[in-house]
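The next block holds one structure in the form of structure tokens; read it before the comments.
The values are calculated or read from the model by the stated rules, or taken from the named source; none is laboratory data. The structure displayed is predicted, hence computed values, not measured ones. Cβ sites come from the backbone with ideal geometry, for glycine too, and all protein chains shown count toward neighbours. What goes into the accessible areas is simple: the full protein's heavy atoms, side chains included, and nothing from ligands, DNA or RNA. Shrake-Rupley method; radii C 1.70, N 1.55, O 1.52, S 1.80 Å.
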Amino acid sequence: MDAVTPRPGPVLSVRNASRVFGGFTAVRDVSFDVAEGEILGIAGPNGAGKSTLFNLISGVPFGPSSGEIWFDGARIDRLRAPKIARRGLRRTFQSEQLFTTLTVGDNVSVSAAYLSTGMTRAARQESIDIAIDAVGIGAYRDLPSGEVPLLVKKKLMIASALVAQPRLLMLDEPAGGLDAEDQAELVELLSSLNSQGLTLLIIEHVLSLLRELAGRMVVMAAGSSLSEGTPEQALSDPAVVEAYLGGAHE
């Protein structure tokens, strides 16, 4: 994976983003910036609005009811999801979004065909090879994706996002279901991608993973942002201790 050239200003700015469904507010006036090349963690209890926030940013399957989202200097909250993705903002999901009967390599090829418009066939194939090598799943390339280990499925989703050479990758609970050994391997992979200049925004319930990876953390509850700072600062906030940690430090 090629290193990303830094640009001035935050790569992502979320400004008072809200999403209302009927009389229910799923996300309320959330604001934060993500700097070029950083890892920002998003934490919070179930129902906090974390995945909905990712939906608002990526446009999959909907954008915000109000507020603004800026990516790489341009406003994107009024764009359709494919245009947002092609600008260099990609995401993964909690569950493995894979074509289980297709091989690992073919899954990445499908993503490349969708995202890499305007590329020659040779350039597209090179991007596929680079993405597969970047996450270390070359040995599984010809196997059906439904039959590979869970960690390989997680890496495959990342490779399918990397094939378009994004500026920012959003990961929704990437460590879900992994044991401690696989979590450690995932941390190593994400650290390596970040060291090459890829900006990461990570939702995660495994707080030890966020403590190890993230320089900053935003903690949400009931659709709102409770605290922002280093993992130590955010998780020691009394409001976070009460709402997220059940009144006691983890």
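Candidates in the stretch 191-210 are the residues that are farther than 22 Å from residue 235 by Cα and of a type in the set (A, V, I, L, M, F, W, C); of these, the one that is surrounded by the fewest Cβ atoms within 10 Å (Cβ to Cβ) is 193.
For every residue, the table says whether it meets (1) on the phi > 0 side of the Ramachandran plot; (2) open to solvent by 80 Å² or more (accessible area, probe 1.4 Å).
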{"site": "89", "(1), (2)": "no, no"}
{"site": "103", "(1), (2)": "no, no"}
{"site": "118", "(1), (2)": "yes, yes"}
{"site": "121", "(1), (2)": "no, yes"}
{"site": "131", "(1), (2)": "no, no"}
{"site": "144", "(1), (2)": "no, no"}
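Any chance the stretch 213-222 includes a residue that's assigned to a helix (DSSP H, G or I), touching a helix residue (DSSP H, G or I) at 6+ places or on another chain (Cβ under 8 Å) and modelled with pLDDT of 95 or more? Yes, the stretch 213-222 contains at least one residue that is assigned to a helix (DSSP H, G or I), touching a helix residue (DSSP H, G or I) at 6+ places or on another chain (Cβ under 8 Å) and modelled with pLDDT of 95 or more. Do the conditions hold for residue 120, that is, is it of a type in the set (Ser, Thr, Tyr), in contact with a Ser or Thr (Cβ under 7 Å, 6 or more places away or on another chain) and more than 17 Å from residue 166 (Cβ to Cβ)? Here the answer is no, as residue 120 does not meet what is asked.
Residues in the stretch 13-39 that are touching an Asp or Glu at 6+ places or on another chain (Cβ under 9 Å), under 17 Å from residue 222 (Cβ atoms) and open to solvent by 30 Å² or more (accessible area, probe 1.4 Å): 16 only.
Please go through the stretch 146-181 and give me each residue that is on the phi < 0 side of the Ramachandran plot and open to solvent by 40 Å² or more (accessible area, probe 1.4 Å), ordered by number. Walk me through how you get there before you give the answer.
Looking only at the stretch 146-181, we keep the residues that are on the phi < 0 side of the Ramachandran plot, and these are 146-164, 166-172, 174-176, 178-181.
Across the stretch 146-181, the qualifying residues are 147, 149, 150, 153, 179, 180, 181.
Of all residues in the stretch 192-222, those satisfying the criterion of being under 17 Å from residue 94 (Cα atoms) and under 15 Å from the mean Cα position of the chain (by Cα) are 200, 201, 202, 203, 204, 205, 206, 209, 210.
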